[in-house]
Amino acid sequence: DIQMTQSPSSLSASVGDRVTITCRASQGIRNYIAWYQQKPGKAPKLLISSASRLESGVPSRFSGSGSGTAFTLSISGLQPEDCATYYCQQFYTSPTWTFGQGTKVEIK
Amino acid sequence: QVQLVQSGSEMRKPGASVKVSCKASGYTFTHFSLNWVRQAPGHGLEWMGRINTRSGIPTYAQDFTGRFVFSFDASVNTAYLQINSLKAEDTAFYYCARDLQDWYSDFWGQGTLVTVSS
C-alpha cells in the first residue's frame with residue numbers, strides 16, 4: 001500500500017503569509033495526487049487535481065507542485081477564509097485511493 | 001448544478017444496521033461512480049470504496065470489506081451505504097462523493113453522522 005505523509009500536521013500563520021504544506025508518498029506516484037480543503041463542519045472541497053491543476057473557482061493564491069514522491073500545496077497570501085484542514089490524496093493505485101492524515105491551518 | 005444530498009443523522013446500538021442514502025441531481029447518475037469516505041470525529045479522511053453506477057460493480061477498500069455494502073437505485077438517482085453489525089468505532093461522518101475517472105472526487109455530499117452507542 002502507498003502511504004501519504006503530510007507535514008506539518010498543523011501550522012499557524014499570519015494573514016498575508018505564504019504557507020506551504022508537504023505531502024510525501026511512500027513510493028513514486030508520478031503526478032497522481034489531488035488536494036482538498038475541509039472547513040470545520042463541512043464536506044471536503046477539491047482544490048487541485050493532477051498535482052498542479054487548479055479547479056475552477058479556486059482562488060489563484062492556491063497552487064500545487066511536485067512529482068514522484070514529494071508534493072507541495074502553497075497558499076500565497078493567506079486569508080482568514082483559508083482556515084481549514086488540507087488533505088492530499090493519491091490515485092496512482094486507482095481504483096483504490098489513499099488520503100494523507102491532514103494539515104490544519106490556523107491564523108495567528 | 002450538481003448536488004449530492006445525504007440522509008440525516010442516525011443513532012444505532014451496537015450490532016444493529018444502518019443505511020445511509022445519497023441522492024444525486026444535476027447530472028446523469030449512471031455516468032459517474034460514487035465514492036464513500038469515512039471521517040471519525042476529530043480524525044482524517046478514509047476512502048471506503050466506490051460503486052460503479054453503470055456496471056453496478058462495487059470496489060471496497062481493504063478495511064471496509066464484509067460489513068459494508070454499497071448499492072444504488074438508478075430510478076431515483078440514489079446511492080446507498082449499508083453498515084451491518086455496527087460497532088462503536090463505526091461512529092463517524094460518512095460522505096458520498098462523485099467520482100472522476102476513479103481519480104478524485106469533484107462534488108461531495110454534506111455528510112451523514114452515524115453514532116453507535118449502547
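Every number in this text was worked out from the coordinates using simple rules, so none of it is lab data. Model, not experiment: these values are computed from the prediction. Positions of Cβ are backbone-derived with ideal geometry, glycine not excepted, and every protein chain shown enters the neighbour counts.
Across peptide B:105-114, the average count of Cβ atoms from other chains found within 10 Å of a residue's Cβ is 3. Each of B:Gly15, B:Val5, B:Leu45 was placed along the dipole of the stretch B:1-103 (beta-carbon charges, centred on the mean Cα), and the one lying farthest toward the positive end is B:Gly15. Only Cα sites of the protein assembly as shown enter the Debye sum here, all with the same form factor; the resulting log10 I(q)/I(0) across q = 0.15, 0.16 1/Å is -0.99, -1.11, listed in q order. Pairs exceeding 27 Å between alpha-carbon atoms, taken from A:Lys42/B:Lys23; A:Lys45/B:Lys23; A:Lys45/B:Lys13; A:Lys104/B:Lys23: A:Lys45/B:Lys13; A:Lys104/B:Lys23.
By the Cβ-Cβ criterion of under 4.7 Å, the unpaired cysteines of the protein assembly as shown are A:Cys83. Between A:Glu55 and A:Ile48, A:Ser49, the built amide H atoms are under 5 Å apart, and every one of these is 5 or more places off in sequence or on another chain.
Just check chain B against the gyration tensor rule for me: Cα atoms, a ≥ b ≥ c as the square roots of the eigenvalues, rounded for a/c under 1.5, and otherwise prolate or oblate depending on whether a/b exceeds b/c. Note, shape of chain B comes out prolate.
Along chain B, the exposed loop sites are trypsin sites (Lys or Arg not before Pro) outside DSSP states H, G, I, E and B with at most 16 other Cβ atoms within 10 Å, and the longest stretch free of them is B:1-53. The label-point distance for B:Arg67 and B:Ala88, in a model that sets each label 7 Å from Cα toward Cβ, rounds to 1.3 nm.
Label separation (A:Gln3 vs B:Thr115): 3.5 nm, computed from points 7 Å beyond Cα along the C-beta direction.
Note on B:Met48, B:Met11: ascending count of other Cβ atoms within 10 Å places them as B:Met11, B:Met48, the fewest first.
The C-alpha atoms of chain A occupy a region whose extents along the principal axes are 36, 27, 25 Å, arranged from largest to smallest.
Taking label positions 7 Å along the Cα-Cβ direction at both A:Ile107 and B:Thr28, the computed distance is 4.4 nm, reported to one decimal.
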